[in-house]
Amino acid sequence: MLREDIIIDIFSGWRSFLRKCLFRVLRVGPIPSHIAVIMDGNRRYAKKKKIDDMTGYDAGALALLHLIIYCMELGVKYVTAYAFSIDNFRRQPEEVQKIMDLTMESVMLLTWISKLRSVRVHFAGKLQLLSAEIQDAAKRLMESTEVYNNFVLTICICYTSSDEILHAVEKSCKEKWDDGIGIMGYDKGNDYERFIKVVDIEKHMYTAIAPDPDILIRTGGEYRLSNFLVWQSSCCHLSSLGTVWPEFGVFHLAWVVLDFQKNYRYFAKKKLQL
Ligand SMILES: CC(C)=CCC/C(C)=C/CC/C(C)=C/COP(=O)(O)OP(=O)(O)O
């Protein structure tokens with residue numbers, strides 16, 4: 001089946017009808033505005049199914065596509081996915097190549113979806129580490145969708161939080177002290193304008209396009225953040241699921257949202273205190 005056909009299939013049929021009923025029930029409670037995911041367990045899925053690791057990544061990409069569509073239907077406005085970390089460059093060359101190929105394929109597919117559903121697509125990370133071909137394709141997709149604001153998809157690629165924070169600090173220093181004078185503005189007296197503030201750093205984050213996540217899901221039974229949205233996740237609901245990423249489906253999403261709703265009052269209060 002072509003990927004376009006898969007999407008049409010997801011949007012229609014009796015499964016889509018049942019899903020919409022389920023989402024209607026969920027919408028009685030608060031719906032998260034932003035869901036972030038660490039898609040762990042693709043190779044373990046491949047082993048379990050006795051298929052090769054690369055096909056495991058295909059299944060993972062398809063699960064991401066499903067999640068995006070479910071979130072659109074549920075009313076979640078932002079989805080952020082950790083597709084490839086800077087550290088992943090240390091993996092086997094064929095694995096790196098596979099994820100790069102999937103990125104290129106996703107760009108083509110997302111170009112189609114974004115027109116259909118007014119989706120803004122953003123790539124976050126040290127994009128200069130990508131090949132010139134992928135950089136161009138990603139840039140074109142970002143530019144052609146920046147007018148949309150129905151739904152915002154951020155794909156974190158060549159990303160780590162430490163690199164994002166370093167990048168944001170460097171950009172803030174450049175912006176505030178481009179004359180090269182002064183640290184924290186002290187030798188310019190108490191010029192408040194030259195102080196670097198939290199908002200300055202946040203403005204220059206790769207992921208600044210979206211608010212902080214309300215829910216961060218990690219599949220594969222791990223409890224680590226693995227250098228993903230470390231700055232942004234101080235007040236979000238963390239959900240670690242034992243299921244491997246390609247098996248993540250609509251019921252897992254419903255479970256995570258219900259769990260978020262159960263703890264909503266606590267997180268809402270915490271956010272107000274910030
Ligand atoms: C749009 C786009 C580029 C999509 C990419 C698709 C995708 C599923 C990427 C996941 C990348 C990754 C390194 C996951 C870790 O799982 P692992 O396979 O290392 O898990 P495991 O070894 O723990 O089983």
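Restricting the first member to segment 200-229 and to residues that are free of Cβ contacts under 8 Å to residues at least 60 places away in the same chain and within 22 Å of Y264 (Cβ to Cβ), and the second to residues that are of a type outside the set (D, E) and crowded, with 18+ Cβ neighbours inside 10 Å, no beta-carbon pair is closer than 6 Å while six or more apart or on different chains. Annotation note: of V198, V244, the sole residue that is within 27 Å of M142 (Cβ to Cβ) and of a type in the set (A, V, I, L, M, F, W, C) is V198. Considering each residue of segment 10-21 in turn, at least one proves to be modelled with pLDDT under 75, loosely packed, with under 11 Cβ neighbours inside 10 Å and either over 23 Å from the mean Cα position of the chain (by Cα) or at negative phi (or both).
The values are calculated or read from the model by the stated rules, or taken from the named source; none is laboratory data. Small disclaimer: the values here were computed from a predicted structure and weren't measured. When we count neighbours, we look across all protein chains shown, and the Cβ atoms used for this are built from the backbone with ideal geometry, even at glycine.
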